[in-house]
Amino acid sequence: MKYRYTSFFPPEKTLKWVKRPLIRIEVFGPKTKRAFDALVDSGADCSLFNLEIAELLEIDLSKAKERKFTGISGTIASYYLPEVEIKVDGIDRPIKIPVCFIQSPTVGLLLGEEGFFDSYRIKFEKDHDTFEIIS
């Protein structure tokens with residue numbers, strides 16, 4: 001499935017439009033599911049979801065393993081779950097991916113290498129304003 005890069009004007013007011021590979025996904029909790037926009041991030045080793053996503057979907061993190069990892073903003077504590085079910089808009093089958101839930105004002109949902117890139121063939125064509133995800 002081909003998707004278009006999403007353009008937006010950043011709040012930093014750099015006077016330059018930014019284009020990012022965002023897709024709509026459904027994230028499944030134990031009782032409900034919700035749709036969110038997620039960044040397809042080839043630079044992220046694992047998928048990162050904001051802690052608020054777990055709260056909204058009533059995902060129990062009491063048995064999650066605590067992990068620390070180093071990113072662009074330094075060392076961050078996270079709550080690691082080996083399986084969270086997601087479904088990409090335009091692709092029929094849901095998949096389960098490992099997710100680190102973190103408390104961060106700058107992270108919403110990042111889909112990283114482990115699990116997500118392992119499940120799909122992903123082709124970025126920024127010069128054509130498109131990217132493709134093939135199951």
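Miscellaneous remarks
- Placing R0 at 22 angstrom, the Cβ-Cβ distance between PHE28 and SER104 gives a FRET efficiency of 0.50 after rounding to 0.05.
- Given charges at beta-carbon only (K, R positive; D, E negative), |dipole| of the range 1-41 in Debye: 140
- Extents of the range 8-135, taken as max minus min of Cα coordinates on every principal axis and listed largest first, are 43, 35, 23 Å.
- Summing Cβ point charges (Lys, Arg +1; Asp, Glu -1) relative to the Cα centre of the chain gives a dipole of roughly 200 debye.
- Applying the Karplus relation 6.51 cos²θ - 1.76 cosθ + 1.60 with θ = phi - 60° to the range 114-126 yields 3J(HN,Hα) values of 5, x, 6, 5, 5, 8, 10, 8, 10, 10, 8, 10, 4 Hz, where x marks Gly and Pro.
- Gain in span if fully extended, ARG121 to THR6, counting 0.36 nm per residue against the direct Cα distance: 39.4 nm
- Taking amide H positions as modeled 1.01 Å from N, with prolines and chain starts lacking one, the residues under 5 Å from GLY29 and 5 or more places away or on another chain are ARG34.
- Beta bridges assigned by DSSP with both partners in the chain are antiparallel in approximately 85 percent of cases.
Read-outs: derived from the displayed coordinates by stated rules, not from any lab. Keep in mind it's a predicted model, so treat the numbers as computed, not measured. Methodologically, a virtual Cβ is constructed for each residue, glycine included, from the backbone with ideal geometry; neighbour enumeration extends over all protein chains shown.
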